[in-house]
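Working notes, beginning with the structure itself.
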Amino acid sequence: MEQEGDAPSCQECIRYRDLYVNAPLGIFQCDGERRFLNVNPQLAFLYGFESPEQFLANVTYVTERLQLREEELQDALGTLQREGVIHNYEVQLQRKDGSLLWTTHSIRTVTATDGSIIFYDGFVTDISEKKELEKLRDDVARMTRHDMKSPLLSIVAAARLLNKRLTLEGEEAEMLQDIHDKGAQVLEMINTSLDLFKMEQRDYQPRFEPFDMAALARSVGRSMLPAYEEKRLRFEVVVDGPEKDAERCEFEGEERHIETMLMNLVKNALEAAPEGSTITVRLNRNETFCELDVHNLGAIPKDIRPRFFQRYSTSGKPEGLGLGAYSAKLITEAHGGSISYETSEEDGTHIQVKLPCRQPKA
């Protein structure tokens, strides 16, 4: 008789096989070198093949048809190695006819008792409809922001004109100035969001000018002072480098966008940092790179690490949109730089930005 713990019965095997064959999502297994071992019919269909046999005859490696840059691939593989699992990693795959399909990949490592890898289990879901809806939402939002610019320009211009023509004092003068300043602030936010769209399309050229990154970082810290005080956090700016000038650190780039990038990174750090801890912005400039490191003692949740810099990646924040790290990545790459992270429960999280430095003018 079959004892508890024995291999599944034939009936159970048939049931599991039926689930595998008829599952509405793609399922695969691959070896430690990421070569496909077997796939179900739905995965073959997602790639545009008629059968698993046809798929396996044409595709060897899991990664060969995924639209990933090398740094993205290495980041995902690093997470899989450290965590043993990747959840809902969004990536486009190239189908048999050359078209691209948006999918999520979830992969887990199956290991032997000695820790060696036996194989990987993978699950692939078609999210093309979701992506189309996201695109529609983004298009509507972008058109709305564009259409808002004209009335806002009129409000700002009218407030400026009234300020010159009218002799106002006290509270009335402050109210008029506030109308002008708030209108200009919203207009700047709209312009920034439209620039970010151009960055997504790889169609934005930042205006490079020198600025003091240390002063900018301190200004960002001051602007978020109430939130720091609420959590009893400390904020510090540290300047490294051969000159050891603790007051200045010259970067080059479009200052208003670099400020947006830093504000997003600091805001994320503020939300993640444990009460009573310190958030540190560390700056360094050498002959090749201007380097920025934002550190806090909170760890990035494991479920979003593989997609931390992707759009709408958020965890545990009901009101969060998951756009802060994504926009920071867009701004960094538009400046020709790179952004990465290191995170652990022991040391917290470092977000590291490298921007190319131009040589100081003689």
TODO: If a/c stays under 1.5 just call it rounded; otherwise compare a/b with b/c (prolate if a/b is bigger, oblate if not). Do that for segment 105-168, with a ≥ b ≥ c from the square roots of the Cα gyration tensor eigenvalues.
DONE: oblate
TODO: Give me the percent of Cα-Cα pairs in segment 1-94 that sit more than 19 Å apart, rounded to a whole number.
DONE: 53 percent
Open item on the list: To the nearest 20 Debye, how big is the dipole of segment 222-306 about its Cα centre, given +1 on the beta carbon of each Lys and Arg and -1 on that of each Asp and Glu?
Closed with: 440 debye
Task: Cβ-based charge dipole, the chain, positive-most Cα from A334, A184, V281 - done: A184
Task: When each of K198/K329; K131/K354; K267/K329 is checked by Cα-Cα distance, pairs over 20 Å - done: K131/K354
Open item on the list: Which residue, S116, A76, S128, has the largest displacement toward the positive end of the dipole of segment 36-129 when charges sit on each Cβ (Lys, Arg +1; Asp, Glu -1)?
Closed with: S116
Task: Using distinct alpha-carbon pairs, which all enter the 1/r mean, Kirkwood radius of segment 112-236 in Å - done: 20.1 Å
Task: Helix 128-165 axis, angle to the chain major axis (alpha carbon atoms, nearest 10°) - done: 0 degrees
Task: Relative contact order %, the chain, counting alpha carbon pairs below 8 Å whose residues are six or more apart - done: 11 percent
TODO: Would you please classify the overall shape of segment 217-305 from the alpha carbon gyration tensor, given that a ≥ b ≥ c denote the square roots of the eigenvalues, rounded means a/c under 1.5, and beyond that prolate means a/b larger than b/c while oblate covers the rest?
DONE: prolate
Task: Cα-based shape type of segment 170-323, given that a ≥ b ≥ c are square roots of the gyration tensor eigenvalues and the cut on a/c is 1.5 - done: rounded
Task: ³J(HN,Hα) computed for each position of segment 102-108 - Karplus, 6.51 cos²θ - 1.76 cosθ + 1.60, integer Hz, glycine/proline x - done: 7, 9, 10, 10, 10, 9, 10
Task: Karplus-derived HN-Hα couplings along segment 300-313 (A = 6.51, B = -1.76, C = 1.60, θ = phi - 60°), whole Hz, x at Gly and Pro - done: 5, x, 4, 5, 10, 4, x, 10, 4, 9, 8, 5, 6, 8
Open item on the list: Please give the charge dipole size of segment 1-119, origin at the Cα centre, charges +1 on K and R Cβ atoms and -1 on D and E Cβ atoms. Round to the nearest 20 debye.
Closed with: 340 debye
TODO: Can you sort E12, E247, E346 by 1.4 Å-probe accessible area, starting with the largest?
DONE: E346, E247, E12
Task: Only Lys, Arg (+1) and Asp, Glu (-1) charged, at Cβ; the chain dipole about Cα centre in debye - done: 940 debye
Task: Solvent-accessible area of H87 with every protein chain in place, 1.4 Å probe, in Å² to the nearest 10 - done: 90 Å²
Task: Net charge contributed by nearby residues that have their C-beta within less than 14 Å of A173 (K/R +1, D/E -1) - done: -3
Open item on the list: How tilted is helix 213-223 with respect to the longest principal axis of the chain? Cα atoms for both, answer in degrees (0 to 90, nearest 10).
Closed with: 90 degrees
Open item on the list: Given the DSSP H assignment, sum -39500 (n - 2.57) over each helix run of at least 4 residues in the chain and divide by its residue total; what's the result at 222 nm in deg cm²/dmol, nearest 500?
Closed with: -14000 deg cm²/dmol
TODO: Would you give the gap between the C-alpha center of segment 185-206 and the C-alpha center of segment 260-316, rounded to a whole Å?
DONE: 22 Å
Task: Kirkwood hydrodynamic radius over Cα pairs of the chain, then Stokes diffusion coefficient at 37 °C and 0.692 mPa s, in µm²/s - done: 136 µm²/s
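The values are calculated or read from the model by the stated rules, or taken from the named source; none is laboratory data. Remember, predicted model here, so these are calculated numbers, not experimental data. Cβ coordinates were reconstructed from backbone atoms using ideal geometry, including for glycine residues, and neighbour counts include every protein chain displayed. All accessible areas refer to the heavy atoms of the entire protein, side chains included, with ligands and DNA or RNA removed. Shrake-Rupley method; radii C 1.70, N 1.55, O 1.52, S 1.80 Å.
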